[in-house]
Amino acid sequence: MPQAERYAWISLIAWAAILFFLLTRFTSGVELLGQSFGLTIVEQSAGRLLWTYVSLAVIAIIAESVIASVLAVTADKAGIEKDERDVAIEARANLTSYWFMAAALNVIVIHVLANAAYGGHIMPQLNLTSLTGIAFALLLVLTLAEIVKRIATIWNYRAA
Amino acid sequence: MSRRSGRVRNNIRDLRTARGLSQGELAEQVGATRQTINAIEQEKYAPSLELAFRIARVFGVKFEAVWEFED
């Protein structure tokens, strides 16, 4: 398995854990592993939101650094580590992630505007129009975009 | 404007085995990973022109002896 594919698998697990952390910090509903998450957004103060954001950023940086360091130490020293196919797959995965993010941000914009225009009668229960809601939506999109990138990387290694 | 599709075919496996080279050895000589050589042999990945020329050069044959474009 190429080093980049191994990295994608391990960091996919890390980002899935970060997604779980994000959901437990912002939402409630279903109980799992002593944590609650679901479709109801738990309103929070701006200070607490900032703290959650900083925690997420620190966890993501630490996770990525640890994974990169461990893989660098265990890497096969003989042979080429990365070639044109790896670069092409990385570029394709980045593009997939970009289009996912663009689509998701458009959905958020439409949701917020439609919610303001129609009072939420025809909108889903997940309300993103509050400060907590919009912070959650944007952080969710960023996290999901990272997950999409890793899935696209793994998919492209399997397909090409 | 319609996009024309085609397929890049190769006979790297035959040339490589005839010379007693492993995928790893060929990869090292052309500056690619073993996985990339494997993907090229299985025709899952079409390499850049530069890599295609490098591969032909390692075998000491003309470009068209390795590569073929099927419309």
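Annotations for the structure displayed:
- Restricting the range A:1-83 to trypsin sites (Lys or Arg not before Pro) in coil, as DSSP defines it, with at most 15 other Cβ within 10 Å: A:Lys77, A:Lys82
- Proximal charge balance of B:Ala46 [Cβ under 13 Å; K/R count +1, D/E count -1]: -2
- Summed side-chain charge close to A:Ser11 - residues other than A:Ser11 whose Cβ falls under 14 Å, Lys, Arg +1, Asp, Glu -1: -1
- Sum of side-chain charges, A:Tyr98 neighbourhood, beta-carbon under 11 Å (Lys, Arg +1; Asp, Glu -1): +2
- Rg [Å, one decimal], Dmax [Å, integer] - chain A, C-alpha atoms: 18.4, 62
- Calculated [222 nm] ellipticity per residue, helices only, for chain A: -26500 deg cm²/dmol; basis is -39500 (n - 2.57) per DSSP H run with n ≥ 4, divided by all residues, nearest 500.
Each reported figure results from applying straightforward, stated rules to the coordinates on display, with no laboratory input. The structure displayed is predicted, hence computed values, not measured ones. Neighbour counts are summed over all protein chains in view; Cβ atoms, including those assigned to glycine, are modelled from backbone coordinates with ideal geometry.
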